[in-house]
Amino acid sequence: MIFGRTERGKAPVEPVTLKILVAGGFGVGKTTMVGAVSEIKPLRTEELLTEAGRPVDDTSGVEGKHTTTVAMDFGRITLREDLVLYLFGTPGQNRFWFLWDELATGALGAVVLADTRRLEDCFAAVDYFERRSIPFVVGVNCFEGAARYPTETVRQALDLDPGVPVVLCDARGRESVKEVLIEVVQHAMAYAAAHRQAVTT
Ligand SMILES: Nc1nc2c(ncn2[C@@H]2O[C@H](COP(=O)(O)OP(=O)(O)OP(=O)(O)O)[C@@H](O)[C@H]2O)c(=O)[nH]1
Ligand SMILES: [Mg+2]
């Protein structure tokens with residue numbers, strides 16, 4: 001083997017690394033999503049939801065949940081040999097909002113996860129990315145027992161711009177999550193190209 005080359009003679013590719021945020025309301029499946037696709041052991045910052053936190057932690061709709069993310073989730077996925085995503089899952093509870101700006105720095109795009117039983121919980125995340133012009137897609141995490149709505153209904157309910165993709169997904173499924181991430185990358189690239197054009201014309 002020649003130094004710096006693989007056995008087949010191809011020069012090794014230095015992958016492009018992109019930062020993607022996984023955001024959304026409390027208990028919508030952000031930690032689950034990062035864990036489902038990460039090829040490294042995901043870094044988690046879960047803490048037990050306690051009796052003392054009951055007045056501030058709104059667990060309605062997610063009564064079976066015992067832990068919550070207090071700082072972030074971190075994972076990595078190689079989409080292609082030349083494209084690696086670093087995934088940052090945000091904490092879902094309002095009292096950790098102060099961490100979002102730190103996490104959003106340098107992000108190419110974001111997934112806003114939504115649960116149709118508590119759609120209003122993701123308004124804040126949608127608002128956050130719209131204000132900062134960070135391209136995002138909405139991933140509707142299809143929990144069993146939750147009513148299924150067409151993506152157009154979700155789009156209207158969230159008052160999304162026509163260009164924002166809405167995709168149905170299962171945060172526990174590797175392939176499903178991968179599809180959402182590919183959608184984010186494509187959307188963010190198209191968004192960046194459109195922006196560049198707008199600036200130069
Ligand atoms: N049935 C079903 N359960 C799910 C799905 N996604 C997540 N869960 C469960 O829902 C609960 C919440 O998931 P998490 O991934 O911790 O949610 P989170 O958004 O990270 O929560 P916070 O960090 O506290 O905001 C867990 O018990 C998961 O096992 C799903 O697609 N279907
Ligand atoms: Mg979490």
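The numbers here are math on the coordinates, done by the rules we state, and not lab data. These numbers come from a predicted model, not from an experiment. Note: ideal-geometry Cβ built from the backbone for every residue, glycine included; neighbour counts use all protein chains shown.
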Taking Cα atoms only, helix 174-200 is inclined relative to the longest principal axis of the chain by an angle, in degrees rounded to 10, of 70
In the P(r) worked out for the chain, what percent of Cα pairs fall beyond 25 Å? 38
Starting from the Cα-Cα distance between GLU175 and ARG148, subtract it from 0.36 nm times their residue separation and give me the gain in nm to one decimal. 7.7 nm
Sorted by average packing, counted as other Cβ atoms within 10 angstrom per residue and highest first, what order do 104-111, 161-168 take? 104-111, 161-168
Return a single number: how many Lys pairs in the chain, at a sequence separation of 8 or more or on separate chains, have alpha-carbon atoms below 22 angstrom apart. 8
Nearest 0.05, what FRET efficiency do LYS41 and THR200 give at R0 = 30 Å with Cβ-Cβ as r? 0.10
Once you charge only the Cβ atoms, +1 for Lys and Arg and -1 for Asp and Glu, what is the size of the charge dipole of the chain about its Cα centre, to the nearest 20 debye? 580
Over the chain: helical MRE at 222 nm, DSSP H runs n ≥ 4 each giving -39500 (n - 2.57), nearest 500: -8500 deg cm²/dmol
Between ARG76 and ARG95, what length in nm is gained on full extension when 0.36 nm per residue of separation is reduced by their alpha carbon distance? 4.2 nm
